Amino acid sequence: MQVTKLVTTCELKNCPTIYATDRGTLLFQGETPTNHGLKIPNHETLVEIPTELIRKAIRDNLI
């Protein structure tokens, strides 16, 4: 899979980030929330990212 960084909340360290893949999908880097009370299948996960990151990606016509 080829991955391209689209947008992040910072440039200097690991931060919430949205990536595009060559498969026409998006990858999200963010915090793994706990104590959410949801039942998530073992093959899936939740990722928490700031709403502003999505707004920035849309505003910049990245997604």
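Which whole-number percent is the relative contact order of the chain (Cα, under 8 Å, 6+ apart)? So the answer I get is 29 percent. Where only DSSP H runs of four or more residues are counted, the chain gives -4000 deg cm²/dmol as its mean residue ellipticity at 222 nm, each run worth -39500 (n - 2.57). Summarising the amide proton neighbourhood of Leu62: residues at separation of 5 or more, or on other chains, whose placed amide H is nearer than 5 Å comprise an empty set.
An ellipsoid equivalent to the chain, defined through the eigenvalues of its Cα gyration tensor, has semi-axes of 22, 15, 11 Å when rounded to whole angstrom and sorted largest first. For the stretch 47-57, putting each phi into the Karplus relation 6.51 cos²θ - 1.76 cosθ + 1.60 with θ = phi - 60° gives couplings of 10, 9, 10, x, 4, 4, 5, 5, 4, 5, 4 Hz, in residue order, rounded to whole numbers and with x for Gly and Pro. For Leu6, the amide hydrogen comes within under 5 Å of the amide hydrogens of Ile18, Tyr19, Ala20, counting only partners 5 or more places away or on other chains and with H modelled in the peptide plane. Taking a straight line from the alpha carbon of Lys5, these aspartates and glutamates sit under 15 Å away, with near neighbours fewer than eight places off in the same chain left out: Asp22, Asp60. Within the chain, the longest run free of GluC sites (Glu not before Pro) that sit in a DSSP loop with at most 10 other Cβ atoms within 10 Å is 12-43.
Once neighbouring chains are kept in place and the probe is 1.4 Å, which whole percent of the accessible area of the chain is contributed by carbon and sulfur? For the chain, the apolar C and S fraction of the accessible surface comes to 50 percent. Per residue, the accessible area of the chain comes to 81 Å², computed with a 1.4 Å probe over protein heavy atoms only.
The values are calculated or read from the model by the stated rules, or taken from the named source; none is laboratory data. This structure is a prediction, so every number in the text was calculated from the model and none was measured. Glycine also receives a Cβ, built like all others from the backbone with ideal geometry; neighbour counts cover every protein chain displayed. Quick note on the areas: whole protein, heavy atoms, side chains included, nothing else; ligands and nucleic acids left out. Shrake-Rupley method; radii C 1.70, N 1.55, O 1.52, S 1.80 Å.
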